[in-house]
1. For the list (1) exposed (fewer than 13 other Cβ atoms within 10 Å of the Cβ); (2) under 18 Å from F46 (Cβ atoms); (3) touching a residue at least 40 places away in the same chain (Cβ under 8 Å), I need the number of the one condition that I117 fails.
2. Being modelled with pLDDT of 95 or more and either surrounded by 18 or more Cβ atoms within 10 Å (Cβ to Cβ) or part of a loop (DSSP other than H, G, I, E, B) (or both): is that true of L91 here?
3. May I ask you to list the residues in the stretch 189-213 that are surrounded by 12 or more Cβ atoms within 10 Å (Cβ to Cβ) and either in contact (Cβ under 8 Å) with a residue 12 or more places away in the chain or among the hydroxyl-bearing types (S, T, Y) (or both)?
4. Does G164 fit the bill of being touching a strand residue (DSSP E or B) at 6+ places or on another chain (Cβ under 8 Å), at pLDDT below 95 and surrounded by 14 or more Cβ atoms within 10 Å (Cβ to Cβ)?
5. Quick one: which strands (runs of 3 or more DSSP E) sit completely within the stretch 1-53 and have at least 2 residues that are among the β-branched types (V, I, T) and outside the structural domain of Q140 (by TED's automatic domain parsing)?
6. May I ask you to list pairs of residues, at least six apart or on different chains, whose Cβ atoms are under 9 Å apart, with the first in the stretch 84-107 being in contact (Cβ under 8 Å) with a residue 60 or more places away in the chain and assigned by TED's automatic domain parsing to the domain that holds G142 and the second being part of a loop (DSSP other than H, G, I, E, B) and surrounded by 14 or more Cβ atoms within 10 Å (Cβ to Cβ)?
7. If we scan the stretch 171-181, do we find a residue that is buried (at least 16 other Cβ atoms within 10 Å of the Cβ), free of Cβ contacts under 8 Å to residues at least 24 places away in the same chain and within 16 Å of V24 (Cβ to Cβ)?
Amino acid sequence: WVQRGDRITGVVTTNGVLSSQNIVVCAGGWTRQLLQNVNLSIRQYFTHSESIEGFCSHVQLKTLVMPATMQRIILEAEASTPPYYPSWDTLGQEILPHILDAGVIQFKNGLIRMGQISRVLPDPAAKISAAHGEQEIRTQIGHILPSLKTMKGQWHHCLVAFTGDGLPLIGPLAQLQGLYLFSGFSSPFALVPSLAQRFAVHLIGGQSDAAIEQMTPERPSLVMPRD
């Protein structure tokens with residue numbers, strides 16, 4: 001960050017400093033660490049998500065396979081409660097036991113994605129065992145669709161952001177001028193495309209938007225308790 005007083009005026013990149021009057025942080029699960037670098041604490045968190053992607057020529061799914069109850073939603077809700085606030089600032093430990101929501105989706109090009117494991121580790125750069133995660137996913141998927149248990153595929157890992165009240169963070173941060181958030185999307189594919197357009201119109205045109213305004217990072221439900 002490039003900071004002058006209470007205003008962020010730019011970011012430092014591998015290609016040098018980029019200056020701007022306003023900066024929007026769209027960093028997903030990395031948002032929490034980026035803001036900590038300027039001494040800001042917000043109730044955005046993240047899970048480490050694991051899945052397997054590959055192709056299986058003899059399998060053609062006609063539906064999305066997913067659990068009736070998503071354990072990830074329950075895990076996110078519990079991990080963002082007050083008893084775990086201190087744990088998010090303590091690297092090296094798993095805050096809660098990981099979960100596996102066994103499911104499969106096949107895209108139009110035939111690509112199959114199986115997953116997913118969610119781990120609550122406060123270090124965004126934590127080392128995850130690909131071998132253990134892949135074996136666990138294959139075992140559970142094998143109970144549902146045995147033909148996919150041995151499918152050739154590649155293990156994948158990414159961070160999935162979420163917030164303390166389930167809504168994303170969209171809008172300015174009161175503590176630093178010129179800094180905005182567009183993050184905390186637990187289900188980005190469903191929400192990001194439409195909200196990104198509305199947020200841009202809201203910023204550039206100055207038009208009031210009730211949906212955007214209720215997702216402000218300054219909303220009461222996300223206020224961090226004071227010691």
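The values are calculated or read from the model by the stated rules, or taken from the named source; none is laboratory data. Small disclaimer: the values here were computed from a predicted structure and weren't measured. Ideal geometry is used to build each Cβ from the backbone, glycine not excepted, and the neighbour counts take in all protein chains shown.
1. Tallying (1) exposed (fewer than 13 other Cβ atoms within 10 Å of the Cβ); (2) under 18 Å from F46 (Cβ atoms); (3) touching a residue at least 40 places away in the same chain (Cβ under 8 Å), I117 fails exactly one: (1).
2. Details: modelled with pLDDT of 95 or more: no; either surrounded by 18 or more Cβ atoms within 10 Å (Cβ to Cβ) or part of a loop (DSSP other than H, G, I, E, B) (or both): yes.
It is false that L91 is modelled with pLDDT of 95 or more and either surrounded by 18 or more Cβ atoms within 10 Å (Cβ to Cβ) or part of a loop (DSSP other than H, G, I, E, B) (or both).
3. So the first thing to find is which residues in the stretch 189-213 are surrounded by 12 or more Cβ atoms within 10 Å (Cβ to Cβ), and the list is 191-192, 195-196, 198-203, 209, 211-213.
Of everything in the stretch 189-213, those that are surrounded by 12 or more Cβ atoms within 10 Å (Cβ to Cβ) and either in contact (Cβ under 8 Å) with a residue 12 or more places away in the chain or among the hydroxyl-bearing types (S, T, Y) (or both) turn out to be L191, L195, A196, R198, F199, L203, A211, I212, E213.
4. Numbers: touching a strand residue (DSSP E or B) at 6+ places or on another chain (Cβ under 8 Å): yes; at pLDDT below 95: yes; surrounded by 14 or more Cβ atoms within 10 Å (Cβ to Cβ): yes.
Judged against the criteria, G164 is a match.
5. Numbers: elements: 2-4, 7-13, 16-19, 23-25.
Passing ranges, in order: 7-13, 23-25.
6. Within 9 Å, the pairs are Y85/R43.
7. Checked the stretch 171-181: no residue is buried (at least 16 other Cβ atoms within 10 Å of the Cβ), free of Cβ contacts under 8 Å to residues at least 24 places away in the same chain and within 16 Å of V24 (Cβ to Cβ).
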